Structures are given as structure tokens and as C-alpha cells.
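The values are calculated or read from the model by the stated rules, or taken from the named source; none is laboratory data. Treat the numbers as computed from the prediction; the structure is a model and nothing was measured. Backbone-built Cβ (ideal geometry, glycine too); neighbour counts: all protein chains shown. All accessible areas refer to the heavy atoms of the entire protein, side chains included, with ligands and DNA or RNA removed. Shrake-Rupley method; radii C 1.70, N 1.55, O 1.52, S 1.80 Å.
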Amino acid sequence: MTAQLFERIQQAHRQRRPLVMGIVNVTPDSFSDGGRYWHAEDAVAHALDLASQGADILDIGGESTRPGAEPVSAEQEIERVVRVVEQIASRLAVPMSIDTSKPEVMKAAVAAGAAMINDVNGLRAAGAVEAAAELNVPVCIMHMQGQPRTMQEKPSYQDVVADVASFLAQRSAAALAAGIRREHIVIDPGFGFGKTLGHNLELLARQEDLLAAGWPLLVGISRKSMLGAITGRKQADQRLAASLAAAMLSAQRGAAILRVHDVGPTVDVLKVLSAVTDATPPAASR
Ligand code: 8Y7
């Protein structure tokens, strides 16, 4: 029998060999008013492409969580993602996570074939933690300060790493209390979600501190504006090299899952890291 997704995540965490999660957006872009079918087919084609590039997990999202994005209803989100999840499940064996904060969407997507929940809101919506417990799948609990629409206005922390770790400890305790299995919990510092460039850099530099709680860590930095700020590249699709450098740094600091747009190039980065790790003598003999 092939290993369950949670076992693969735990193994990636223990061995410090991250899985690659490919991003599949099912959100209509603001410049296009093309039919919903078109967007669904597009998303499925993109998922097939990411799978062929070596994605271990596909993250399916029907609501934009970018800074300034407007919220969508549960009905709209379900309409966008369920058909896509079903079509991918019928064509691919690659497990999917559902990127949502809404319990109704979690239930509909898992019924359609999703095998994991990715909640940027850390299971704080009414009914979310109970839904995740009932669905009995791995769940990523992410930290965010504020709400997507306004989170970048004035992010503020005492000590960003300690504050994020404390939030994640509280939310994972709430998850356990609601009956979510210990081996199903994954945490995420939420790069770019209510954080300045300085906060994001400190979180990446001190990423190992977040491993102390023992949970596998998911990291999403791919193409984010922090990389634009560092490199001066204003267009997100010009941030491949910066994204690969960040993926490497995060992998070296113990990430268990890397959430990325550019799956194939990230897989190559991880192969190089793994090859050098395999060739590194144990500390005692150095
Ligand atoms: C993250 C995420 C986004 C992240 C997790 C983007 C949905 C913004 N970022 N989920 N989602 N972690 N777990 O630029 O960092 O991809 S959306």
C-alpha cells in the first residue's frame, strides 16, 4: 500500500526532505470575464502540468488571499473548486489540498476528493476546527495578522518569531482539543500575511526556531512581494530565481512542504540539496 499523505509529510519533516506543493488557482482574474468553464478547464490543465513537473501535492484555491482581495461567498467558492477537484481526482493520483477558510468549502472539497486542508486563517472561522476534525485529513494552520484586505497596512509585533510561534501553539492546541489527530497538524508562519519585509526576513532567518514545537512546517514564499522588494522585480513572474533561492534557504532550515508556483525548478533545487546532504559526512567525522 502506498503511504498516506500524513505519513509522507511526517517523513519529509523527519528527514528534512521537503515535499513540493504546486499552486492551482481557480480564481477568475480581474482582466477576464471568461466563463466559469474556461477557468475550470484551465485550472485542471495547469494541475496536470504541475503534476508532470513532479508536484507531491496540488493546492487548489477558489478565493484570492492576496492583500486587498475581496471576499467571496461559500457557494461561489464551492462552485469554483468542486468541479476542478473532481476532474483532477479522476485524472491524477497526486493528493490535493483545499485552500480555504470556510467549513462548507472544506467539506465539499474533501467529499470531491481533496486529501488535505490549507487554511490561511488558522481554523479560526466558526465551525472550521470542527469541520477539519470531522473530515480527518491533514490540515495546515497558517498565521496571519489581520484580514487579507487590510493586513499590510500596519503589521506590528513584539518579536515576530515568538509572536507567530505563540499563535501557532494556541491554534494547534485548539485543533487537538477539537479532536484533530496530532499527526495531521502542519503549521505555517504565513509569509506576507500581515508582515513587513523585515518581519518576513526575520521569520525566514530564524525559521528553525519554529521547529521547536515539533510540527511539520509548510512554507509559501514563491513569487511573493518580499522577493520583489529584495530584488526590485515588480512583476511576480520575474521572481523565479529569487523564489528558488528562498526555497533552498527554507528547505535548509527544515521546511517539510514548499508551496510553489514553479514546481519543476523547485524539484531540481531540492535534488541538488539532497545530493549534497547525502555526500556530507556525519558531524562527528568532520
Ligand atoms: C500561502 C498560502 C497563499 C502561504 C499557505 C500567494 C493560500 C498568496 N500563501 N497558504 N496561500 N501558506 N499555507 O502569494 O504562505 O501565494 S496565497
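Quick look at the values:
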quantity: Reachable aspartates and glutamates from residue 224, criterion Cα separation under 13 angstrom, eight or more residues apart if same chain; calculated: 237, 262
quantity: Distant alpha-carbon pairs in region 113-232 (separation over 21 angstrom), percent; calculated: 37
quantity: Restraint check, 107/234; 102/154; 107/271; 102/271; 154/271, Cα-Cα greater than 31 Å; calculated: 107/234; 107/271; 102/271; 154/271
quantity: Assigned charges on the beta-carbon of Lys, Arg, Asp, Glu; region 131-286 dipole about Cα centre (debye); calculated: 300
quantity: Stokes-Einstein D for region 212-253, Kirkwood Rh over Cα pairs, 10 °C, 1.306 mPa s (µm²/s); calculated: 144
quantity: Listed residues 137, 276, 82, most fluctuating in the chain (Gaussian network, C-alpha, under 10 Å); calculated: 276
quantity: Extended-chain gain in nm, criterion 0.36 nm per residue less alpha-carbon gap, residue 91 and residue 156; calculated: 18.9 nm
quantity: Space enclosed by the convex hull of the alpha-carbon atoms of region 72-172, per residue, Å³; calculated: 109
quantity: The chain, helix-only ellipticity at 222 nm - DSSP H runs n ≥ 4, -39,500 (n - 2.57), divided by all residues, nearest 500; calculated: -14000 deg cm²/dmol
quantity: Where Rh is the Kirkwood radius over Cα pairs, Rg/Rh for region 185-273; calculated: 0.94
quantity: Residues of region 1-154: accessible area per residue with a 1.4 Å probe, Å²; calculated: 48
quantity: Dipole of the chain, positive direction: furthest Cα of 273, 73, 115, with charges on the beta-carbon; calculated: 273
quantity: Rg/Rh for the chain, where both radii come from Cα atoms and Rh is the Kirkwood radius; calculated: 0.94
